[in-house]
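One structure is given below, encoded as structure tokens.
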Amino acid sequence: MTEFVIEVQKMEPQHRHAFIFQQFDNLQGGESILIVNNHDPLPLLRQFRETRPEQFVDEYLQKGPTEWRLRLTKKKKEGCCGFCGES
């Protein structure tokens, strides 16, 4: 499984969410982004649930107190074997 790490706290605040969504949209099914932040990325997760429902699986790997790690894995399209390049 391919996983891309995004250390959010190192980015300009006004660009964070747009960059994360762009990176997610570029993923193939089964690939993940790992969001590392110094606070709970719950607002981002809510945005994903509103705009990308049924497209991802979320998993907290760490919940504070000083670092949060949230994995977002892009789901494969139903019936996709993963070899055609479609996600």
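The table below gives the values:
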| item | result |
| --- | --- |
| Residue match in the stretch 1-21 (condition: hydrophobic (A, V, I, L, M, F, W, C), surrounded by fewer than 17 Cβ atoms within 10 Å (Cβ to Cβ) and in contact with a Gly (Cβ under 8 Å, 6 or more places away or on another chain)) | yes |
| Condition broken by LEU27, with the remaining ones in (1) free of Cβ contacts under 8 Å to residues at least 60 places away in the same chain; (2) closer than 19 Å to LYS76 by Cβ; (3) within 12 Å of the chain's Cα centre (by Cα) satisfied | (1) |
| Strands (runs of 3 or more DSSP E) (entirely within the stretch 11-87) containing at least 3 residues that are modelled with pLDDT of 95 or more and of a type in the set (Val, Ile, Thr) | 32-37 |
| Single condition GLN28 does not satisfy, out of (1) exposed (fewer than 14 other Cβ atoms within 10 Å of the Cβ); (2) within 13 Å of ARG71 (Cα to Cα); (3) not acidic (Asp, Glu) | (2) |
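The values are calculated or read from the model by the stated rules, or taken from the named source; none is laboratory data. No experiment lies behind these values; they were computed from the predicted model shown. Note that we place each Cβ from the backbone using ideal geometry, even for glycine, and neighbour counts take in every protein chain shown.
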